[in-house]
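Report on the structure given below.
Each reported figure results from applying straightforward, stated rules to the coordinates on display, with no laboratory input. None of these values were measured; they are calculated from a predicted model. Every residue, glycine among them, receives a Cβ derived from its backbone with ideal geometry; neighbour counts consider all protein chains shown.
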């Protein structure tokens, strides 16, 4: 049982402390339509080739409150629960009929409620000339709770039928600090030189320092009630790692087609991996079959302990987890001197951690109310978020910028199933 408690503690710490590193105030407000706009050290996770563009700053330092004192970007989302759902069904003060409860349960996906809490903790974002250095801590992962858990909460238990089925329960999260060095430069590509004004290429290498990994390989089990007893039958297999190392690579190509249009393409986290076990790597196996009769409820803990068939944690030499790779396609069009339109397509190449094969398409616009006061609005469709919209603004002067972005996920206003907020400052030359 101590192993299971330690497993859950690691999961909770990872969930609340680490970050999804490619978020920043402008990308949040544009709902991810940021591939062609990223400049300076903000190119990390977007396109290293942007460092070679003519309008890339000679020097940039991006930070939160103060340099090396980050402002956390918070993003919290789930796959079912929204303020509208809560207000309509929970906070009414009325009586819920069985049909009301069935209608409410129908909002939860059959494969369970997925929760994706994220927090960005950038440590250093610095660019100089055509080079950029970025250091930040990040998390990728997913936590899924089975639908049967909510049915039990609404209807209670029915004798001789499983009141909980844990088959769709899943946890996989990894906490990683990424140290990235990127470079971009202008090149001449004959096949493109006749159709574009400028072409740049870029690359980045990421050294990955693993903090912790928690993953379930198998979760199965049921809890069934009878008039005189409860039967617990289940098993769990998982991996846990503390301390790891790995690497990943980014490649990018950017073009300025003419004074109105730009486009780019980039591949991220190529060959990305993390080897776990520098400090500790363990495999956890836990199984239980217990029949706890009503007269034993006063000694529930003892009865539960007697039903444990396997509760082991043994060290392994190490294991490897994926660092999900993805493709970005970006396009930008200058409609007016003070109005730009952006589009970005993101496609992951795996379906693990927080990645999905479903592509994400983002479109956005930025309107400069004055030369120092922008207004930003963006929408995205697909990806793990399914739907997202963002809004933001800032104070963007020649050598100093302050930006703030707000976004909702899974819907708009009271129908949203999550939100993100980000704030940052930049010094530019």
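Normalising by residue count, the range 308-429 has a Cα convex hull of 204 Å³ per residue.
Normalised by the number of residues in the chain, the mean separation of alpha-carbon contacts (under 8 Å, six or more apart) gives a relative contact order of 20 percent. For the range 364-427 versus the range 195-232, the inter-centroid distance based on Cα atoms is 27 Å.
Picking from 365, 180, 153, which is most flexible by a Gaussian network model of the chain using Cα springs under 10 Å? Looking only at 365, 180, 153, the largest GNM fluctuation is found for 153. Every helix of 4 or more DSSP H residues in the chain counts as -39500 (n - 2.57), and over all residues that averages to -3500 deg cm²/dmol at 222 nm. Normalising by residue count, the range 112-208 has a Cα convex hull of 179 Å³ per residue. Across the range 196-240, no residue has a backbone nitrogen under 16 Å from the label position 7 Å along the beta-carbon direction of residue 351.
Each peptide in 339-348, 353-362 gets a packing score, the mean of other Cβ atoms within 10 Å over its residues, and the list from highest to lowest is 339-348, 353-362. Between residue 427 and residue 397, the contour length at 0.36 nm per residue exceeds the Cα-Cα span by 9.8 nm. Shown is the FRET efficiency for residue 293 and residue 341, computed with R0 = 60 Å from the Cβ-Cβ distance and rounded to the nearest 0.05: 0.30. Here the spin labels are modelled as points 7 Å beyond Cα on the Cα-Cβ line, and at residue 237 and residue 197 they lie 6.0 nm apart. Note on residue 283 and residue 102: the model spin-label points, each 7 Å out from Cα along the C-beta direction, lie 4.6 nm apart.
Projected onto its three principal axes, the C-alpha set of the range 73-166 covers 67, 32, 16 Å, listed from the longest axis down. Taking 0.36 nm per residue of sequence separation and removing the Cα-Cα distance, the residue 207/residue 66 pair yields an extension gain of 48.3 nm. Average projection, convex hull of the Cα set of the range 155-308: 15.8 square nanometres. Taking all Cα pairs closer than 8 Å and separated by 6 or more residues, the relative contact order of the range 37-183 comes to 27 percent.
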